[in-house]
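The structure appears right after this line, and notes come after that.
The values are calculated or read from the model by the stated rules, or taken from the named source; none is laboratory data. Here the structure is a predicted model, which means the values were calculated and not measured. Here the Cβ is made from the backbone with ideal geometry for all residues, glycine too, and neighbour counts use every protein chain on show. The accessibility values were calculated without ligands, DNA or RNA, using every heavy atom of the protein model including side chains. Shrake-Rupley method; radii C 1.70, N 1.55, O 1.52, S 1.80 Å.
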Amino acid sequence: MSGPSLLVLNAGSSSLKFCLYGDEAALPLLAKGQVEKIGTVPFFKIDGEEKKLAEGSGHAVALAAILDRIGSDTQLTGVAHRVVHGGTAFTGPTRVTASVVEALAALAPLA
């Protein structure tokens, strides 16, 4: 995969899912996959393939596997992450700032 792209992540307690979109008006889906069973016996699934990761690996190793699969020739123009609940303040895409992180932390009980 190469060229300008947008990476979207969804980290859970034991998984890390991703989609990679082309940086065009239609945002074509270029790839999607996930790392499951993080912290125990993690494995990376993409395009029908599975690759085992080191036993006990955490989210950092999962993200490294995703970035490695995407490839160094991919130019990430943006990265997005899904949050579980944004309350009434965050109902759409929002640029993350220190104040946004603080506001989201206050919404943690909703999750």
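Please state the relative contact order of region 28-67 as a whole percent: Cα pairs under 8 Å, 6+ residues apart?
32
Just to verify a number: FRET efficiency for D23 and E55, C-beta to C-beta distance, R0 = 30 Å, to 0.05?
With R0 = 30 Å, the Cβ-Cβ based efficiency is 0.25.
Which of the GluC sites (Glu not before Pro) across region 46-111 are loop residues per DSSP, with 15 or fewer other Cβ within 10 Å?
Those that pass, being in a loop and sparsely packed, are E55.
Where the accessible area of the chain is counted over protein heavy atoms with a 1.4 Å probe, how much of it, in %, is carbon and sulfur?
56
Say R0 is 22 Å: what FRET efficiency, to the nearest 0.05, do V41 and L67 get from their beta-carbon distance?
0.55
Accessible area of L16, 1.4 Å probe, to the nearest 10 Å²?
The value for L16 is about 10 Å².
Count the net charge of all other residues whose Cβ sits under 12 Å from the Cβ of G78, scoring Lys and Arg as +1 and Asp and Glu as -1. Each step should come with its number before you reach the end.
Values: positive: R95; negative: D23.
With Lys, Arg at +1 and Asp, Glu at -1, the neighbours total 0.
Just to check I understand the Karplus step: with θ = phi - 60° and J = 6.51 cos²θ - 1.76 cosθ + 1.60, what whole-Hz values come out for region 61-70, glycine and proline as x?
Calculated HN-Hα couplings, in order: 5, 4, 5, 4, 5, 5, 5, 5, 5, 5 Hz.
Between T77 and T94, what length in nm is gained on full extension when 0.36 nm per residue of separation is reduced by their alpha carbon distance?
Using 0.36 nm per residue and subtracting the Cα-Cα distance, I get 4.6 nm.
Can you give the log10 of the normalised intensity I(q)/I(0) at q = 0.11, 0.17, 0.21, 0.23 Å⁻¹, computed with Debye over equal Cα scatterers of the chain?
-0.41, -0.91, -1.15, -1.21
At 1.4 Å probe size, with every protein chain present, just tell me what the per residue accessible area of the chain comes to in Å².
64
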